[in-house]
Structure formats: C-alpha cells, structure tokens
Amino acid sequence: MSRRRPKILAVASGGGHWVQLRRIAPAFEGAEVIYVTVEPSYRAQVGDAGFRLVVDATRWNKLRLVRMLLQIAWILLRERPDAVVSTGAAPGFFAIRLGKLLGARAMWIDSIANVERLSMSGQKIMRHADRCLTQWEHLAGDSGPDYEGAVL
Amino acid sequence: MPFDRLVRGVDGWAGANGRSDVFAQIGDAEYVPRHIEHAGKIGPGEFRSRMAEADAVVAHAGMGSILTALELGVPILVMPRLGRLKETRNDHQVATAERFKAMGRIEVAMDETELPEALDRLTDLRRADTISAQASPELLDAVRGFIFGARTPR
C-alpha cells in the first residue's frame, strides 16, 4: 500500500470515451486525480480534480497528433503520476506509452462501443499497459484483454 | 463529423408528420433542415438538459449519446454511421447498435429507409428505467484494485 494518495492521470478523448471515464470515476476516490481530455466545457464536471486540455486529433490528422503527443509528454513530465487510466482513444494511447517510459503504471479500458474486436488503439497498447480490459466477455482471452465488467 | 442521412431523415419525418417539437444538434452537416429546430454544436451541459427534457432521443450509434440516454431513462433510437459512406472510420457502429438492441436497451434503424417507421414507434415508447450513473461494481473494483493495489494483478 502506498504511503500517500496515489496520483492518477485519467485520460479520455471526447464524447463516449469521456462519458465512460466519468462512469468509472467513483473508483478514483481517495486518489489525486488529474483529468486529461480535449473539450474545455468538461471542466465543469470534475469539481476540484485537476483538469488539463490537449488538442483533439484522430490518427488521420498527423500534425495535430504530434501536438497532442507533445502536450501529453509535458503534462506527464510535470505531474509524474503513479498511474495512467484511460478509456481511449488517441490521448490515452499516448499517455500510456509515454507514462510507462516515465515509470507510471497503466490501465487501458477499451470502449464498450467495440463489440466485435478491440479498438485499434487497444490492440496496439495492450502489450504496453499493465492491465488491458475489454467490456465484452466474448472478447476476453488468455493472450487478449481481461473482462472485469462494463461501464453499465 | 457530419451525418446527413440522419439529419435529412429526421427532418423529412418531422415535415411529413407536422412535428414542430424536434430539436437537432447537426454538427457540420451539409444538409440544412427545413422542418426542425437545429444548432451546429451545443455544449455538454445543454446536450444533457435537452436530452433530459425530451420524450425520446434519435442519434448516431455513439456511446456518448447511448449512455447519456440510458442514464436519463430517455428512450433512444440510433442509426449507425457507416464506414463505407465515410460517416465514420469503419462499420463498428453497426455492431454496437445490433448488440445493444439485442440487450433490449435501445431501438435501431439500420438505415434511412427504416427511420420513418422507427420514429413513428419511438413516440409511443414509455420512459425507460434509468441506469445507475456509475460503471458496474465489478469494473469499479478492478479499477480500484489497480490504483490502490488492493488485489494482485493477474
């Protein structure tokens, strides 16, 4: 057990990814939480928790992805979280890759929207994250993600 | 990302049925609705409050819309975006829509031809039971265990 409150970077892009992150937020109680997302107006939902914005981008938009990557690197270097938890997509992928390099533990929770296969980000991040969860039991497997329930 | 098929479909249905009580967030759709009140993009606060006041919601098969409607107990009809029409990256919304429909959580129109009839039915639906505002206890435990080290990771 840690001697102090663990510091968590909770990362999600907008829309469904953010809604799913907020639905697991009760599990963060007792930790110091810093949210990282792409939509300024979400700030109103997080109360006293930390809140950092990065530029929105998908994998089709390389320049913006690079900006996002640099912003996330900067946040990680300043905050040095103990763990990164993400519900996707691109910002969570970067935060987990870079966070692992800086010694943080990392958990990826693949979106419940992905009912046929893990998301592309999820497939790529699986071998880097300490835990990778799918929200669909039929997608879990010995060499694949774990199933531990869903956001609903 | 625009979703003109849905905007056009709902607008046409509203026109044909004389419905003046429809509001739509249409994003950057090219199609300009003629019968329904609409806005490009509304904030998440207004999105939620408009949804809470609605008798029913019509949306793409995105999890933000689906989860918010389920949290508020508002019946929701979704039409999946298609990858081949460049409405999204791939056809994952089709699978999402089918799976949630099989669970009895949502109504689905697979395309614009199914939309008018599905919209007719939607207005007859009663308000649904709300779901809790949190993830399942099992998932919350897994996240807590990961953060606080209460359980040994597999």
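Computed quantities for the displayed model
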quantity	calculated
Residues located in segment B:75-103, provided they are of a type in the set (Lys, Arg) and either surrounded by fewer than 20 Cβ atoms within 10 Å (Cβ to Cβ) or part of a helix (DSSP H, G or I) (or both)	B:ARG84, B:LYS86, B:ARG89, B:ARG99, B:LYS101
The lone exception for B:LYS41 - which of (1) more than 10 Å from chain A (Cβ to nearest Cβ); (2) under 23 Å from A:ARG43 (Cβ atoms); (3) in contact with a strand residue (DSSP E or B) (Cβ under 6 Å, 6 or more places away or on another chain) it fails	(3)
Test result for B:ASP120, surrounded by 15 or more Cβ atoms within 10 Å (Cβ to Cβ), over 14 Å from the mean Cα position of the chain (by Cα) and either among the hydroxyl-bearing types (Ser, Thr, Tyr) or not in a loop (DSSP other than H, G, I, E, B) (or both)	no
Single match in A:PHE93, A:PHE51 (criterion: modelled with pLDDT of 95 or more and closer than 30 Å to B:MET103 by Cα)	A:PHE93
Extreme residue, nearest to the other protein chains (Cβ to nearest Cβ), among residues of segment B:70-89 that are touching a Lys or Arg at 6+ places or on another chain (Cβ under 9 Å) and free of Cβ contacts under 8 Å to residues at least 40 places away in the same chain	B:ARG89
Candidate set: segment A:99-136, residues that are within 11 Å of another protein chain (Cβ to nearest Cβ) and surrounded by fewer than 17 Cβ atoms within 10 Å (Cβ to Cβ); chosen: the one nearest to the chain's Cα centre (by Cα)	A:ASP130
Cβ-Cβ under 6 Å pairs, at least 6 apart or on other chains, segment B:117-137 side basic (Lys, Arg), far side surrounded by 11 or more Cβ atoms within 10 Å (Cβ to Cβ)	B:ARG127/B:GLY73
Segment B:1-42, subset of a type in the set (Asp, Glu) and part of a helix (DSSP H, G or I), residue surrounded by the most Cβ atoms within 10 Å (Cβ to Cβ)	B:ASP11
Selection count, segment A:46-85, where residues are crowded, with 20+ Cβ neighbours inside 10 Å, within 24 Å of A:PHE28 (Cα to Cα) and small (Gly, Ala, Ser)	1
Set A:ARG117, A:ARG59, A:ARG64: member being over 24 Å from A:ARG5 (Cα atoms) and without any contact (Cβ under 8 Å) to a residue 12 or more places away in the chain	A:ARG64
Residue match in segment B:115-124 (condition: out of contact with any helix residue (DSSP H, G or I) (no Cβ under 6 Å at 6 or more places or on another chain), farther than 29 Å from A:ALA25 by Cβ and modelled with pLDDT of 95 or more)	yes
Scope segment B:132-151; condition small (Gly, Ala, Ser) and surrounded by fewer than 16 Cβ atoms within 10 Å (Cβ to Cβ); matching residues	B:SER132, B:ALA133, B:GLY149, B:ALA150
Qualifying residues in segment A:1-17 (those that are within 7 Å of another protein chain (Cβ to nearest Cβ) and free of Cβ contacts under 8 Å to residues at least 40 places away in the same chain) - the one nearest to B:GLU138 (Cα to Cα)	A:MET1
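The values are calculated or read from the model by the stated rules, or taken from the named source; none is laboratory data. All values reported here derive from a predicted model rather than from experimental measurement. Cβ: placed from backbone, ideal geometry, glycine included. Neighbour counts: every protein chain shown.
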